[in-house]
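> This structure is in structure tokens; I'll ask about it shortly.
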Amino acid sequence: MEYVCMQSFSKLLVSVFMLAGINVTNADVPFIIVTDPWPPYVYMHNGKAAGLDAEIALSVLKELGIEGKIEMMPWKRSLLHVKAKKADAILSAAPTAYRRSFLHFPIEPLSSASTVFFMRNDDEIKFQNLKDLESFKVAAMLGYKYCPELDNTQLLLSASRVATLEQSFNMLVNKRVDLVVEVEAVGLYKAYEMRMADDIKVLQGSHFCSVDNYLAFAKKPGYELIAERFGEALVQFKKTLAYKNILIKYGINN
């Protein structure tokens, strides 16, 4: 019964879009979503878009009768494309006042991201504030800015900067550093990929720089309605087994 209701709702929604002059079913005019690679949220695998945010967004759009197509390009170019209405939406976008001037954000985010510290699984580290961690050696990404609450601390200013997350995790398990700073989901996915999931863990209480990731829609005629319906459908999708399976697939704890 639930499936039939969703199918009927999707047909009704497509009819509303068509009346508003929004083409969402013509295969010759795909619904273009732009973004840059950011595993495990979005990346290319065997020539196809994959990732947590990618699969969730495409699944919900499909329920609404919209066939989305994800195109990869640098982030600044992605923003320019959707601002100029050369694309229909942008994936994994955090809301800002500037972006809201040319994007419709749904009520519900695809996912949330926070920066954490990873540690060896057999170590015990307790802290109350960042100053308590200054005696530990930290690895961080070369040239990367995290957020003011971390970037301006002595902990990060004295961190060993490396080019890749693989290097950071290898340094951690080989006891060359005590902590690695990284976006939680990115680190967990990489640890799984490197077969280190049993060797490292997140330092309890070390969540910083929390931000929500959205599928944000261009301010084209009628797209405010798409954003509204997408947000409502996403809320319902997060209650399904399909959503839980996507989280499991990418090693994300709900």
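Here, each number is a calculation from the coordinates, and none is a lab measurement. As the structure is a computational prediction, the values presented were derived from the model and not from experiment. Cβ coordinates were reconstructed from backbone atoms using ideal geometry, including for glycine residues, and neighbour counts include every protein chain displayed.
> Based on the Cβ-Cβ distance of Phe208 and Thr96, what FRET efficiency does E = 1/(1 + (r/R0)^6) give at R0 = 25 Å, to the nearest 0.05? Write down the numbers at each step before the final one.
Values: r = 18 Å, r/R0 = 0.73.
That pair, Phe208 with Thr96, gives E of 0.85.
> How many percent of the alpha carbon pairs in the chain exceed a separation of 28 Å? Please list the in-between numbers first.
Working: 12894 of 32131 pairs.
Every Cα pair in the chain considered, those over 28 Å come to 40 percent.
> Taking H as built 1.01 Å from N, whose amide H comes closer than 5 Å to the amide H of Ile200, not counting residues under 5 places away?
Excluding prolines and chain starts, which carry no amide H, the hits are Asn121.
> Work out which helices of the chain, taken as complete DSSP H runs, extend at least 15 Å along their axis over the Cα atoms and score a mean Kyte-Doolittle of 1.0 or more, then list them. Before the final figure, lay out each step's value.
On the way: long enough: 2-19 (26 Å, 1.18); 52-63 (17 Å, 0.71); 223-237 (20 Å, 0.35).
In the chain, the long hydrophobic H runs are 2-19.
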